[in-house]
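The values are calculated or read from the model by the stated rules, or taken from the named source; none is laboratory data. Here the structure is a predicted model, which is why all the values come from computation and not from measurement. Using ideal geometry, Cβ is built from the backbone for each residue, glycine included, and neighbour counts are taken over all protein chains shown.
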Amino acid sequence: MKPSPTPLDHLDLPFFESRHHAAAEQILAWTTSAFASLPPPRTTGEIDQHCRTLVRSLGEADILALCVPRIDASGNASLDSRALCLARELLAQTSPLADFSFAMQGLGSGAISLAGSPEQKASYLDDVAQGRKIAAFALSEPNAGSDVGGMCCEAARRQGGYVLNGEKMWISNGGIADFYVVFAREPGTARSAGVSAFIVDADNPGLEIAERIDVISPHPLARLRFRDCHVDASMRLGEEGAGFKLAMRTLDIFRTSVAAAALGFARKALRLGVERALSREMFGSVLADMQLTQAMLADMATAVESSALLVYRAAWMRDQGKPTPREAAMAKLVATESAQRVVDAAVQLWGGAGVRVGEEVEALYRDVRALRIYEGASEVQRLIIGSGIVKAHRV
């Protein structure tokens, strides 16, 4: 009898090298040990502490090093995109909060890796990679999500630094982060012009957690408020007015990894769907023997495998130094939209039990939904792909 598929079967694809096999084994070993004595969180306070514990554990296991870019010999922020995507895919199959905690350490510190001074990198990156500091990326606002250029949070020049006023919304790790990378604009500027980036420590006077936000897949999330929050000039990241490009470069690094997380959720949903179909007795047989079920499983498996090819093609291309805006957008669009359908199909296979609180497929149904929105909604990915096609063919 052919052995059942394992989480590492796709490492036989030509996209991967020996170091990726080693990283995957390392991550699987961590998931086996880390959750043996870690009870699932229930309240907001428990979720906060759970994420702190996960960050610390991921750092101690040297897994966070996979998501924190470091400067290579050529002076560029180097990150193994395939290892990053493998980590998110595998972590998502085990725990959405583990995937979240891992990814936010990378996204929250990415701008420091790309544009930070040597002093800023020394002060933050090692602590982030070792799980001693929790990072957060503060870009979105109540009326500026997909339309980043519509941000209103201001950074006015003052002697020796800047004063921030305004709000940031939907900030992951909000309330537990040790520092925030905040994007704000010079008063009187509009759209992408005049935006700068700043490192703001959580205890900086004038920064407050205005609201903790509850969502369908609970994780630390908050609205931040800045009231005459003074930030020293030494905490600005990169050149003044270059913050918009820095934000886009940071998101470009991690966008494909969102697709990888979606792939992880979809793989888990497929596994749960198959297990249910093989065990659920119906009409004198089991659900898996019905042709309609087999057709559904075929669609689920095809969606998973096509997503994997797009994800790891984009990651491989980035690791070769090739520009990947269109490929990353395709990966995120297909993987996240497909994952939603695969999870929905798994719930359907589970029947009534699939919507019962506490079942894994019910949790997946909530966990997967936000991936079609954050770090570029599906509609934005379509615009990136479509405009790229037009530009490539326009004479």
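Quick notes
- So A328, is it in contact with a Ser or Thr (Cβ under 6 Å, 6 or more places away or on another chain), within 24 Å of P218 (Cβ to Cβ) and hydrophobic (A, V, I, L, M, F, W, C): no
- Options S113, S78; residue that is among the small types (G, A, S) and out of contact with any Leu (no Cβ under 8 Å at 6 or more places or on another chain): S78
- Subset of segment 104-132 that is small (G, A, S) and under 18 Å from D319 (Cα atoms) - its residue that is farthest from the chain's Cα centre (by Cα): S113
- A search for C-beta distances below 6 Å between a residue of segment 45-59 that is under 16 Å from P96 (Cβ atoms) and any residue that is aliphatic (A, V, I, L, M) and outside any helix (DSSP H, G or I), counting only pairs 6+ apart in sequence or on different chains, returns D48/I176; V55/I134.
- Residue within segment 144-167 that is closer than 23 Å to A98 by Cα, of a type in the set (A, V, I, L, M) and surrounded by 18 or more Cβ atoms within 10 Å (Cβ to Cβ) present: no
- Every residue from segment 127-156 that is small (G, A, S), in a strand (DSSP E or B) and closer than 21 Å to V231 by Cα: A135, A136, A138, A155, A156
- The set of residues in segment 363-395 that are more than 19 Å from A98 (Cβ to Cβ), surrounded by 14 or more Cβ atoms within 10 Å (Cβ to Cβ) and of a type in the set (D, E, K, R) contains only R372.
- Candidate set from segment 330-352 (those that are more than 18 Å from M282 (Cα to Cα) and among the polar types (S, T, N, Q)); member that is surrounded by the most Cβ atoms within 10 Å (Cβ to Cβ): T336
- Among the residues making up segment 133-143, those that are surrounded by 14 or more Cβ atoms within 10 Å (Cβ to Cβ) and of a type outside the set (S, T, Y) are K133, I134, A135, A136, F137, A138, L139, E141.
- Among the residues making up segment 213-224, none is of a type in the set (D, E) and either crowded, with 20+ Cβ neighbours inside 10 Å or modelled with pLDDT of 95 or more (or both).
Yes/no matrix, rows are residues, columns are (1) modelled with pLDDT under 95; (2) surrounded by fewer than 19 Cβ atoms within 10 Å (Cβ to Cβ); (3) assigned to a loop (DSSP other than H, G, I, E, B):
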site	(1), (2), (3)
I171	no, no, no
I176	no, no, yes
V182	no, no, no
G188	yes, yes, yes
V200	no, no, no
E211	no, yes, no
F226	no, no, no
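- For segment 27-48, taking the residues that are in a loop (DSSP other than H, G, I, E, B) and not polar (S, T, N, Q), the one that is farthest from I134 (Cα to Cα) is identified as A36.
- Flag if A87 is among the aliphatic types (A, V, I, L, M), buried (at least 24 other Cβ atoms within 10 Å of the Cβ) and touching a residue at least 12 places away in the same chain (Cβ under 8 Å): yes
- Scanning segment 228-245 for residues that are under 16 Å from C152 (Cα atoms), crowded, with 22+ Cβ neighbours inside 10 Å and over 25 Å from the mean Cα position of the chain (by Cα) turns up just one, C229.
- Condition met for S338 (part of a helix (DSSP H, G or I) and under 29 Å from E141 (Cβ atoms)): no
- Single condition P323 does not satisfy, out of (1) touching a helix residue (DSSP H, G or I) at 6+ places or on another chain (Cβ under 7 Å); (2) of a type outside the set (F, W, Y); (3) outside any helix (DSSP H, G or I): (1)
- Subset of segment 362-395 (residues that are acidic (D, E), within 22 Å of S140 (Cβ to Cβ) and either in a helix (DSSP H, G or I) or in contact with a strand residue (DSSP E or B) (Cβ under 6 Å, 6 or more places away or on another chain) (or both)): D367, E379
- Just one of (1) crowded, with 20+ Cβ neighbours inside 10 Å; (2) assigned to a loop (DSSP other than H, G, I, E, B) fails for A260. It is (2).
- A residue that is surrounded by fewer than 21 Cβ atoms within 10 Å (Cβ to Cβ), of a type in the set (A, V, I, L, M, F, W, C) and closer than 29 Å to P96 by Cβ occurs nowhere in segment 321-328.
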